[in-house]
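Each remark here refers to the structure printed beneath this line.
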Amino acid sequence: MLELRHLHQFIAVAEELGFRRAAERLHMSQPPLSQSIKQIEALVGAELFSRSKQHVELTPAGAAFLKQAYATLAQARLAVHAAQRAAKGISGTLRLSFVGSASLNVVPPLLREFSRAYPSVELVLAGNPTAQQVAALKRGDIDLALIVSPFPEGQSLKITPLRTEPMILAVPHGHPLEKSRRRVKLASLKNESFITFGYADGPGFVSTFIDACKKTGFAPRIVQESPQMNTLLAMVAGGIGVAVLPGAMRMVVMPHVSYVSLSASPAELKYTLAFATRRDIRNPVVDAFIALGKRIASSARISGVAA
């Protein structure tokens with residue numbers, strides 16, 4: 001069975017590309033090191049090094065093994081670090097991902113409040129579209145996601161609604177609606193060309209928008225899609241079409257783009273932000289973050305966006 005010492009020895013030879021230099025680095029003699037590498041190759045079932053009197057080189061199998069050896073040792077160090085933190089009474093690590101629009105108004109106050117309440121918890125953060133977050137949850141790459149709900153595969157996850165957010169309309173400068181001071185009704189946009197997120201990236205947001213259009217009597221004419229909000233805004237600025245976006249995007253200033261309030265008569269058009277976790281997760285840090293998020297989600301500590 002491979003041991004961590006075998007990986008250290010293999011990495012030393014791979015980095016030094018020589019058994020003598022690797023043995024000196026490991027403070028051991030060369031024959032035991034050579035024997036250890038042969039044992040590793042026997043366990044793997046492939047030659048990891050191409051050897052000659054003048055050269056030692058990694059084989060393709062050796063290069064693949066080196067990549068995983070680095071990852072394994074890094075994970076081992078993380079395990080030691082986590083155990084040391086737990087032994088000191090520290091809760092651990094929270095790997096959190098969130099949709100990009102939430103980083104503008106929802107996530108910052110949550111992070112401030114959580115860091116104040118749990119100063120020793122390590123936060124590992126990422127911003128990704130909903131579909132990528134759900135895939136990461138299922139792989140076990142993250143512990144908690146802040147997604148746009150609903151999601152077609154959400155049944156396999158535990159979904160905790162956080163708050164609703166308004167949708168707004170982004171129009172290019174010179175558009176007839178640019179100076180509108182009243183909330184624009186979705187039904188009045190039936191002849192517009194729309195730029196949207198791709199359904200595969202943000203099914204909850206896109207389906208909410210499309211369903212609202214259908215309820216008002218039209219199917220939106222979608223001319224471009226992009227998973228990136230800045231790309232959507234750039235296309236709006238270029239006059240390609242209009243875009244229905246999260247209300248928090250009002251905070252983003254883009255030349256030649258104006259934002260207009262939007263309604264799906266009689267109510268404003270909204271979507272739902274929700275926490276998602278795996279159903280089998282047992283992590284008190286996750287529970288603490290969700291509980292704190294629910295306490296402050298509708299408070300003044302998370303700024304609302306006028307719609």
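The values are calculated or read from the model by the stated rules, or taken from the named source; none is laboratory data. Worth saying up front: this structure is predicted, and the values here are computed from it rather than measured. Note that we place each Cβ from the backbone using ideal geometry, even for glycine, and neighbour counts take in every protein chain shown. The protein model used for the area step is the full one, side chains on, heavy atoms only, and it has no ligands, DNA or RNA in it. Shrake-Rupley method; radii C 1.70, N 1.55, O 1.52, S 1.80 Å.
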**OP:** Calculate how large, on average over all directions, the projected area of the Cα convex hull of the stretch 215-288 is; give the answer in nm² to one decimal.
**Re:** 8.1
**OP:** Indicate, rounded to the nearest 5 percent, the antiparallel portion of the DSSP beta bridges found entirely in the stretch 30-172.
**Re:** 25
Subject >> 5 angstrom amide H check on residue 162, placed H, neighbours 5+ away >> reply: 273, 274, 275
Subject >> Farthest positive-ward along the chain dipole, Cα basis, beta-carbon charges - from 220, 169, 123 >> reply: 169
Original post:
Going by average Cβ neighbours within 10 Å, how do the peptides 34-44, 171-181, 7-17 rank, with the highest at the top?
Top reply: 7-17, 34-44, 171-181
Subject >> Translational D in µm²/s for the stretch 116-199 (Stokes-Einstein at 25 °C, 0.890 mPa s, Kirkwood Rh from C-alpha pairs) >> reply: 146
**OP:** Pop out the carbon and sulfur fraction of the accessible area of the chain as a percent, whole number, probe 1.4 Å.
**Re:** 54
Subject >> Nearest-0.05 FRET efficiency for residue 73 and residue 230, computed from C-beta distance (R0 25 Å) >> reply: 0.10
**OP:** Would you calculate a helix-derived [θ] at 222 nm for the chain, using -39,500 (n - 2.57) for each DSSP H run of n ≥ 4 and dividing by the full residue count, to the nearest 500?
**Re:** -12500 deg cm²/dmol
**OP:** Lys and Arg at +1, Asp and Glu at -1: add these up for the other residues within a Cβ distance under 12 Å of residue 274 and post the number.
**Re:** +2
Subject >> Net lengthening on full extension, residue 182/residue 221 (0.36 nm per residue, minus Cα-Cα) >> reply: 11.7 nm
Subject >> Directionally averaged shadow of the chain, computed from the convex hull of its alpha-carbon atoms, nm² >> reply: 22.0
Subject >> Peptides ranked, highest mean first, by Cβ atoms within 10 Å: ranges 192-203, 252-263 >> reply: 192-203, 252-263
Original post:
Once both axes come from the Cα atoms, what is the angle between helix 130-139 and the longest principal axis of the chain, in degrees from 0 to 90, rounded to 10?
Top reply: 30
Subject >> Reachable lysines, given that their alpha-carbon falls under 24 Å from the alpha-carbon of residue 138 and they are not under 8 places away in the same chain >> reply: 67, 158, 294
Original post:
Does anything in the stretch 186-219 have its amide N under 18 Å from the 7 Å Cα→Cβ label point of residue 252, and if so which residues?
Top reply: 194-207, 209
